[in-house]
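*Asks:* Sharing a structure below in structure tokens format, with a few things to ask.
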Amino acid sequence: MADIRISPSFSISIRDICASKLSKAAAQALALGRSIMSKVTTQPDEVMLHGSVLVLLQFDVCEAIRLDQLRELICAHIIEQPKLKQPAPAYVRYRRPPVVEPIEPLVLQSGESLQGEIKYYDYGVLSVIFQLAFTGGWDKLTTLASRWVWDIDFAEQATEIVRNRLKRATPALIRPYETWLSEDYLIFHIREVNGSPSVTDLIQQHGSHIAQVVRGDTGKLAESECNEVLQSRISYYANDLTVIGWNAAFLYDSTAGAETAIQLLEYANSQLLEFRHYDDLLTKELERVYMLLDKGTGFLARWRLARSATLLHTVLLDVAELTEHADNAIKFLSDMFSARLYKLAASKVGVPDYKNLVTEKVHTAEELYRFMVDQFNQSRAFFLELTVVIILVIELVYLFRGKAF
């Protein structure tokens, strides 16, 4: 067999080719690795969020609360005014700041322990706030939002806590109610996001996740639905964001910056609760008046309308007084942003809708009151005229008989 010999130059050429191919393969592998790492690091689920989840629960327990007396009974403190978000002399001021006291933690069946406090407002509303620290990705937040929005009845669990607290506060309550109306609302407050994105970047990259959190839905929402949710957003700085829904809100802000939005969301829900109470009160009163009018408006029935008209007018005065009392609980002074934020929050939770219902029923009640008063006045005038006629007839009878009356 003949020996095969390879020249040194040819051997070097083969080594160069192999080295070149290896370097290209290594470069491709490195580029592929970088691409994979880039995709992994930019996955939204891997973005870490740090913040807290708040549960707001409001109960309408009485007509009013004597806050000065309440502080002595429960040894609680007055809530501090929120810190200024922007330079302004003043912007949110309570006419009578609520009284606050801590309450025992609420432990869910899942084992989550929520720290809580309770606020007493002078217009008869109690606000319970539970808070849970949160750290995790978007998937974890959307899953928690869906479970808390739809699967857990926080109002039922908090009712027993409120009843136990009110046992000490009973002397300070004015006209306590036997049954309570309640409202609940969730706030997902994110203080930090990896990379500290601006509002524009946050919406572009994670707008769909924010919409899922506000809706409490783990499914991928349609683009139109995401846009609908994100339309209800408001920002003051380039790095703060508030997105408000009818039963939940998403906040991206510092702890101090989010304080104002949380208090305004709490106040908007308490206003909704108050107008629901007025709506129920007027509905029952109008039903009573309609039943009375169905019995007829004859001569004798008209006399019964006087007392009913008086009761109806008393209810109207109470509604007007309580509405003014609740409306004046908080003042917006020299800050249009807070006023716009409150207006947005109130419109999303349904305050204007219930306020319109109450206004319409007030107008109906006023018309019924005037009708009942007119009917009574006509009946009284008829009675007086009849009395005068009877007296004249008696006088004529005695006159024709030749006797003085």
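Computed from the coordinates by the stated procedures, all read-outs in this text should not be read as laboratory data. Here the structure is a predicted model, which is why all the values come from computation and not from measurement. So basically every Cβ, Gly included, is an ideal-geometry build from the backbone, and we count neighbours across all protein chains shown.
*Asks:* If amide hydrogens are placed 1.01 Å from N in the peptide plane, which non-local residues have theirs closer than 5 Å to the one on E101?
*Replies:* I118
*Asks:* Please compute the modelled spin-label separation between T310 and M48, points set 7 Å along Cα→Cβ, answer in nm with one decimal.
*Replies:* Distance between the two pseudo-spin positions: 7.1 nm.
*Asks:* Can you work out ³J(HN,Hα) from phi for every residue in the range 208-222, in order, using Karplus 6.51 cos²θ - 1.76 cosθ + 1.60 and θ = phi - 60°, giving whole Hz and x for Gly and Pro?
*Replies:* Along the range 208-222, the couplings run 5, 5, 4, 4, 5, 5, 5, 7, x, 10, 7, x, 6, 7, 5 Hz.
*Asks:* How much length, in nm to one decimal, is gained on full extension between F400 and R191, taken as 0.36 nm per residue of separation minus their Cα-Cα distance? Could the numbers behind the result be given before it?
*Replies:* Working: separation 209, 0.36 × 209 = 75.24 nm, distance 10.00 nm.
Gain in length upon complete extension: 65.2 nm.
*Asks:* Hey, another quick one. Full-extension gain between E367 and D68, please, as 0.36 nm times their residue separation minus the C-alpha to C-alpha distance.
*Replies:* Answer, rounded to one decimal: 103.7 nm.
*Asks:* Still on this structure, I have one more. For the residue pair V389 and R147, what label-to-label distance in nm results when each label sits 7 Å from Cα along the Cα-to-beta-carbon direction?
*Replies:* 8.0
*Asks:* State which entries of K220/K355; K119/K220; K284/K343; K220/K361; K167/K348 exceed 31 angstrom in Cα-Cα distance in the structure shown.
*Replies:* Violating the 31 Å limit, Cα to Cα: K220/K355; K119/K220; K220/K361; K167/K348.
*Asks:* Next question. If R0 is 60 Å, what FRET efficiency do you get for N377 and T200 from their C-beta distance, rounded to 0.05?
*Replies:* Taking R0 as 60 Å, the efficiency between N377 and T200 is 0.35.
*Asks:* If you put +1 on each Lys and Arg Cβ and -1 on each Asp and Glu Cβ, how big is the dipole of the range 87-194 around its Cα centre, in Debye rounded to 20?
*Replies:* 580
*Asks:* Now for a different question. Relative to the Cα centre, what is the charge dipole magnitude of the range 148-222, using +1 at the beta carbon of each Lys and Arg, -1 at the beta carbon of each Asp and Glu, and rounding to the nearest 20 debye? List each step's numbers first, then the result.
*Replies:* On the way: 8 positive and 10 negative charges, 72 e Å.
My answer is approximately 340 debye.
*Asks:* Quick one: if the Förster radius is 45 Å, what FRET efficiency do E178 and N227 give, using the C-beta to C-beta distance and rounding to 0.05?
*Replies:* So, using R0 = 45 Å, E works out to roughly 0.50.
*Asks:* Determine, from the Cβ-Cβ distance of K220 and T170 and an R0 of 51 Å, the FRET efficiency 1/(1 + (r/R0)^6), rounded to the nearest 0.05.
*Replies:* Numbers: r = 50 Å, r/R0 = 0.99.
Using R0 = 51 Å, I get an efficiency of 0.50.
*Asks:* Please list 3J(HN,Hα) in residue order for the range 142-155, calculated via the Karplus relation 6.51 cos²θ - 1.76 cosθ + 1.60 where θ = phi - 60°; whole Hz, with x for glycine and proline.
*Replies:* 5, 5, 5, 4, 4, 5, 6, 6, 10, 9, 10, 9, 5, 4
*Asks:* Could you work out how much longer the chain between K343 and R288 gets when fully extended? Use 0.36 nm per residue separation minus the Cα distance between them, nm to one decimal.
*Replies:* Extra length from K343 to R288 when fully extended: 16.3 nm.
*Asks:* Another question, then. For the range 142-207, what is the largest minus smallest coordinate of the Cα atoms on each principal axis, given in angstrom and ordered from greatest to least?
*Replies:* If we take the Cα atoms of the range 142-207, the spans are 53, 25, 16 Å.
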